Amino acid sequence: MKNGHHQPLRVSNLHRAAAQPASDNDSLSTASYDGSNSRRKRRSRKSSSVQATRRAFGSSILMNGIFQKLLLLLIAVVIFDIVYFWDAFGDDVDSQGPEAGIHKLHDKNRIENALQSISSKLHAINEAKGASNNIDGGSSNELMLNENKIIELEHEVETWKGRYEMAVRQQKIDGHDESYVSGVENELLSLHDPMNALNAISNNYEDAQMEHELSIVELQEEKKHRAKNLERYGVDEHIVKILTAANVEIDEELAEQLPTWDDIVSMYGDKPVIHGLETCQTYRDTVKPEDRMLGPAGMFNTGTNLLFELMKVNCDIKEARNAPSVDPSLPIRYREPRRNGMRWQAPWGKHNPPSTHRDKNVAKAWGKGVKQLDFFPVVLIKDPYSWMGSQCRHKYASFWGHDEQHCPNLIRWRVTDRDDTAFVRVKYALEWKQYESLLDMWNKWYEEWEEQTFPHMTTRFEDLLFHGEEVTKIACDCVGGEFTKKFRYVEESAKRTVGVHKGANGLVKAMLQYGDPSKRLTGFTDRDRRYASKNMDTDLMKKYAYVPPILPSS
């Protein structure tokens with residue numbers, strides 16, 4: 001019912017609304033149209049005025065006299081710069097564009113500045129030198145005897161000489177005026193001793209272009225060299241090479257402790273001493289490659305373990321792999337783990353005298369299952385004075401009267417009314433031997449090796465230390481082995497740090513010990529030194545280039 005009543009009302013209302021006049025709607029639409037037209041007219045007038053203003057402002061700027069003058073000035077400056085720079089670029093043949101020209105201009109400016117600096121520096125050096133010549137006798141001596149200042153002056157002149165030469169070459173190549181160069185050259189030529197070589201600066205410039213190109217490479221190498229010198233802290237290159245092969249880093253503290261190469265040369269010479277190389281060919285001719293073996297022999301404290309370690313990692317007899325292996329049932333210390341022909345010791349025992357032990361005794365370590373006559377020993381000898389000091393630190397199987405305060409005690413320190421020697425008894429594998437003294441032990445042990453005629457070679461412990469690569473290569477070539485392409489040194493002690501080897505020197509410690517002349521006679525009394533001088537085997541000393549120490553004055 002409700003829907004029936006409401007529906008007619010809605011229809012009637014709709015009809016009523018449709019029947020009303022439309023005068024109000026017409027008036028509203030007319031007013032809206034008039035308003036929109038007026039707004040369009042105002043926007044049109046505004047845009048027209050803005051455009052007119054812009055045209056007037058633009059025309060006034062372009063027609064402004066000051067702006068035109070500034071524009072002309074800017075154009076003139078640009079043209080001038082182009083002409084100036086293009087002139088600096090050189091002729092058309094050399095021209096490589098604006099960037100090359102700018103760099104060339106900068107180079108010329110740097111050369112001129114360098115020449116000016118050189119001239120002022122040399123002038124200051126000349127004035128300093130002239131002033132030193134005018135000082136009175138006492139002050140002059142005080143100044144000129146200062147070697148450090150003289151050396152510094154020489155280095156300064158050398159540095160400026162090199163800079164001068166580079167600048168002169170560039171100036172001559174570029175075709176610049178040589179009057180300024182001549183003035184600097186005259187100042188250089190006015191320097192006298194110690195730089196007489198400066199007189200040759202202007203002698204030869206035919207290859208100036210090539211030298212200039214090379215100077216860039218040389219400068220780079222010089223920078224690298226200076227950087228290396230800084231890293232080395234002044235350590236000699238020979239010692240640096242040894243430590244580098246052992247992967248030892250050099251710091252300032254170590255550099256201060258290391259010996260100088262001059263000290264080493266004064267004690268042992270500048271080349272290794274090796275005897276017995278004439279027997280190498282005989283050995284190779286009589287022993288088949290697969291049977292060849294090499295290893296150390298020597299007295300206690302002569303570097304036998306160091307030799308084995310160096311040979312083990314740097315030499316390889318490839319045919320040795322084809323040799324029948326030692327009985328695998330034996331403990332590993334009796335076998336050769338690498339099977340490259342490098343043995344830890346002579347199969348009769350490396351410390352045993354050869355006459356009484358070769359082919360008569362079988363060493364407990366690395367001795368079983370080995371044909372001893374096929375073994376090639378490298379005998380190591382050591383400076384007798386240094387060796388006796390080593391015996392004081394590690395006596396091994398030798399026994400004699402001494403203590404820490406009295407060693408080597410060649411002459412018994414308790415006996416003061418006569419020179420009695422301290423006898424030494426040594427236990428070898430097959431016998432005990434007694435010697436008059438440590439010195440007598442050294443003499444007789446190596447005299448016996450000098451009498452041996454079978455193939456072997458003898459070199460010095462010190463050569464193994466300071467010429468390790470050269471010595472090990474010679475030994476490797478001797479037996480027909482293949483030497484490594486990259487030599488490796490042993491930094492840590494080649495001896496085990498237990499038992500009798502406890503406290504043995506490593507590479508760095510050995511260099512500090514045996515490269516210092518002041519440590520050679522540690523522990524020797526005047527009586528010991530006089531006894532050693534009278535009883536030393538001088539033939540052995542000369543053959544192995546060991547220099548006898550100076551006798552005490554009293």
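The values are calculated or read from the model by the stated rules, or taken from the named source; none is laboratory data. Fair warning: this is a prediction, and the values are worked out from it, not measured in the lab. With ideal geometry, Cβ positions are generated from the backbone for all residues, glycine too; neighbour counts draw on all protein chains shown. The accessibility values were calculated without ligands, DNA or RNA, using every heavy atom of the protein model including side chains. Shrake-Rupley method; radii C 1.70, N 1.55, O 1.52, S 1.80 Å.
Overall, the anisotropy analysis places region 260-418 in the prolate class: the square-rooted eigenvalues a ≥ b ≥ c of its C-alpha gyration tensor yield a/c not less than 1.5, with a/b exceeding b/c. Taking 0.36 nm per residue of separation and subtracting the Cα-Cα distance, full extension of the segment from Asp262 to Asp419 would add 52.9 nm. Between Glu252 and Glu404, full extension at 0.36 nm per residue minus the direct alpha carbon distance yields a gain of 51.5 nm. Using 30 Å as the Cα-Cα cut-off, could you pick out the over-long pairs in Lys288/Lys364; Lys364/Lys485; Lys360/Lys519; Lys473/Lys534? Violating the 30 Å limit, Cα to Cα: Lys364/Lys485; Lys360/Lys519; Lys473/Lys534.
Projecting label points 7 angstrom from Cα along Cα→Cβ for Lys486 and Leu512 puts them 2.9 nm apart. Label-to-label distance for Leu277 and Leu373 is 2.9 nm, based on points extended 7 Å past Cα in the beta-carbon direction.
Measuring only protein heavy atoms, the 1.4 Å probe finds Ile274 accessible over about 30 Å².
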